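The values are calculated or read from the model by the stated rules, or taken from the named source; none is laboratory data. The structure displayed is predicted, hence computed values, not measured ones. For the accessible areas, the whole protein counts, side chains as well, though only heavy atoms, and no ligand, DNA or RNA atoms are used. Shrake-Rupley method; radii C 1.70, N 1.55, O 1.52, S 1.80 Å.
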Amino acid sequence: MVTGAGMTIPYWDFIGSTMVTNNYVRLTPDDQSKRGLLWNSVPCSVRNWELQVHFKVHGKGKDLYGDGLAIWYAKDRMIPGDVFGNQDFFQGLAVILDTYSNHNGPHNHQHPYVSAMVNNGSLHYDHDRDGTHTQLAGCEAKFRNVAHDTHIAIRYENDVLTVSTDVENKAAWKECLSVKGVRLPTGYYFGVTAANRRLVGHPRHHVHQIVRAGYAGEYHVEDPKPSSLSGIKIFLLMLVGTLAVIACVVIGIMFYQKHQENSRKRFY
Ligand SMILES: [Ca+2]
């Protein structure tokens, strides 16, 4: 797999057809057989979080197909594969934005379709059935080839997974799915991947912005990380405090010397 092109982004890695520009990350161009991967390099250490992704799926003409894109919270990162650019049999969460109706199995929804899937590494994502039998829940969302901005928010709080979209240019979140009892560990990585595998219709998949909010005060009790984290925090605070005191003393001495100099000057 080739390394992506363009600028670097701190704490993000990318491979495949991914290209980074000033304004967006292009995961796939409008060509066949492309896949692009973008992964954060810092594992998520908080129990509760929200990820908002501002994205665009667009291309020439009205009949867009492609595969679509997926937003990940997964154990392994940067492994290309057939699940919207990422490896199959993944461990973690996938929120899939499927733009192509493979439609070989019974389901009664339209595409584009947003769905969530949690996997412990044993489940295969079945494109032929559009992932229907492995999904937790899903909803239709018309995010394809629209002129306005499109957003998705994935919120994971107290084992409740909620996915909302803002794709109708109303500047308001619309709940797509909400599932209780979803167990996800800390220490996994966030990523966004996309793929164009079809013979016809290859949309460009762009990511414009990714915003993550964590709720640092809400660690689970059994999570051992907070103590070491707060230890580092205390050390850093002490370091900053010490540096501030040293800076004050140095500035004080300089001010005093300057003052002495000035008062001496007055006598001549
Ligand atoms: Ca599909």
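Okay, here's what the table says:
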quantity	calculated
Flagged links, alpha-carbon separation over 18 Å, of Lys34/Lys142; Lys34/Lys56; Lys142/Lys170	Lys34/Lys142
With every protein chain in place, segment 5-218: carbon and sulfur % of accessible area (1.4 Å)	47
For segment 248-253, Karplus couplings with θ = phi - 60° (6.51, -1.76, 1.60), whole Hz, Gly/Pro x	4, 5, 4, 4, x, 4
In sequence order, calculated HN-Hα J values of segment 126-138 (Karplus, 6.51, -1.76, 1.60; Hz; x Gly/Pro)	9, 4, 4, 10, 6, x, 4, 7, 10, 7, 6, 5, x
Å² per residue, accessible surface of segment 5-218 at 1.4 Å	44
For Ile79, residues with placed amide H under 5 Å, excluding near neighbours	Gln87
Amide H contacts under 5 Å for Ala137, placed H, 5+ residues apart	Ala116
Along principal axes, Cα extents of segment 1-59, largest first, whole Å	38, 23, 23
